[in-house]
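Q: One structure, pasted below without further comment.
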Amino acid sequence: RAKGVMLTHGNLMFATRGGLRQTAWMGPPPPLLALMVMPLANTSGHQALLFSIVRGTTVIVLDRFDARAMLDIVERHRVNMLSGTPTMFRLLWEAGAAERDLSSIVSFGGGGDYFHQDLIDRFRALPRGADSPVFFVTGYGMTETAGQVTQAFPAPEVDGDLGVVQPEIDYRIVDPDGQPVRPGEVGELEVRGANVTPGYWRAPEATAAAFHDGWLRTGDMVREGAEPRRLCFAGRAKDVVVSGGNTIYPPEIERALLEHPAVARAVVLGVPDERMGEVVVAAVEPHAGAVVDEGALLAWIGERVAPYQRPRAVYVMALPTGADLKVKRRLVAEILQRRG
């Protein structure tokens, strides 16, 4: 059952001021036109709207995602700022973004899921060429944190880069017992600060479970990079696969699958196995018009990940998504379970 996250005025204003502080690096705000397609009920969409109001940005709001329509609007109205999820950007590319006039864009932005670095680099080069890449600002956040906890500016540096934890937000990375992990090790991210929700609406048990000694348990697995406060995404705690004693983070395999030219979307799951506890399987959706041979893809990915990360099976299917085009992992798991 969905939980209602309570956000105070203080939560929202802290997040909005943080966004303004970070993007002040872009200089004084000239008249800008933004195109928004993220659902306003989504944290990314809601925060983008608040940010646009305080920054004085004009916004074109679309009621649904349509790649070709968005590219038409960018060209016709000379849009300066465009944000979306990784899937949205992949679909924009498939719709011919590279052949369109996007020279008016000064900044792309994204959220809702991790971005493949190659996708970011391709879009950054479109407006003015690879020698003068535009901003592609991403970050990490959740509804419970009123938006972004981290921000990668002017763009992520490597695959999985979440950016730097914003000022005045405390964080720690802990093991399953709640103890801090050693530098460079993967653990669950916990945060606290003026951006964090006071809890869930009329759900005291859920609120108590979400906090640990005053720290919000995000459920996201990260590691800290060499730069202080810079985090790298490893996966969701509930999605981690433990197979034969090996801990496997699905995003690492998903990123490799997305490098295949025929794969548009990918999700990696763990399924029960009597011998190994769990084994890895993958479900992929091909690009429009592309054909994926399951056996060939299984061999292809086997050469690009560690032996213990290799999927036991690959399923080709239309992956169910939400309004923000993020794949619904739980529904995929149910579909595969019914297939047996």
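The values are calculated or read from the model by the stated rules, or taken from the named source; none is laboratory data. Note that the structure is predicted; figures quoted are calculated from it, not measured. We place every Cβ from the backbone using ideal geometry, glycine too, and count neighbours over all the protein chains shown.
Q: Could you please give the count of residues in region 96-121 that are farther than 22 Å from Arg76 by Cβ, buried (at least 16 other Cβ atoms within 10 Å of the Cβ) and not β-branched (Val, Ile, Thr)?
A: 9
Q: Is it the case that region 206-218 has a residue that's under 27 Å from Phe136 (Cα atoms) and not in a loop (DSSP other than H, G, I, E, B)?
A: yes
Q: Now for a different question. Yes or no: region 229-242 includes at least one residue that is modelled with pLDDT of 95 or more, farther than 22 Å from Gln309 by Cβ and either among the charged types (D, E, K, R) or within 16 Å of the chain's Cα centre (by Cα) (or both).
A: yes
Conditions tested, residue by residue: (1) surrounded by 15 or more Cβ atoms within 10 Å (Cβ to Cβ); (2) over 25 Å from Val271 (Cα atoms); (3) small (Gly, Ala, Ser); (4) assigned by TED's automatic domain parsing to the domain that holds Gly18.
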{"site": "Thr143", "(1), (2), (3), (4)": "yes, yes, no, yes"}
{"site": "Val174", "(1), (2), (3), (4)": "yes, yes, no, no"}
{"site": "Arg182", "(1), (2), (3), (4)": "no, yes, no, no"}
{"site": "Asn246", "(1), (2), (3), (4)": "yes, no, no, no"}
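Q: Take the residues in region 254-273 that are closer than 13 Å to His116 by Cβ and outside any loop (DSSP other than H, G, I, E, B); name whichever of them is farthest from the chain's Cα centre (by Cα).
A: Among those residues, the one meeting the criterion is Val263.
Q: For region 182-190, check the following and say yes or no: at least one residue is touching a Gly at 6+ places or on another chain (Cβ under 9 Å) and over 26 Å from His116 (Cα atoms).
A: Within region 182-190 (the criterion being touching a Gly at 6+ places or on another chain (Cβ under 9 Å) and over 26 Å from His116 (Cα atoms)), the answer is no, since none of the residues qualifies.
Q: So, one more: Out of the residues in region 184-210 that are aliphatic (A, V, I, L, M) and buried (at least 16 other Cβ atoms within 10 Å of the Cβ), state the one that is farthest from Arg223 (Cα to Cα).
A: The selected residue is Ala203.
Q: Additional query: For the subset of region 276-294 comprising residues that are in contact (Cβ under 8 Å) with a residue 12 or more places away in the chain and not in a strand (DSSP E or B), which member is nearest to the chain's Cα centre (by Cα)?
A: His287
Q: Here's something else I'd like to know. Can you tell me which residues in region 295-319 are crowded, with 16+ Cβ neighbours inside 10 Å, of a type outside the set (A, V, I, L, M, F, W, C) and part of a loop (DSSP other than H, G, I, E, B)?
A: Within region 295-319, Arg310, Pro311 meet the criteria.
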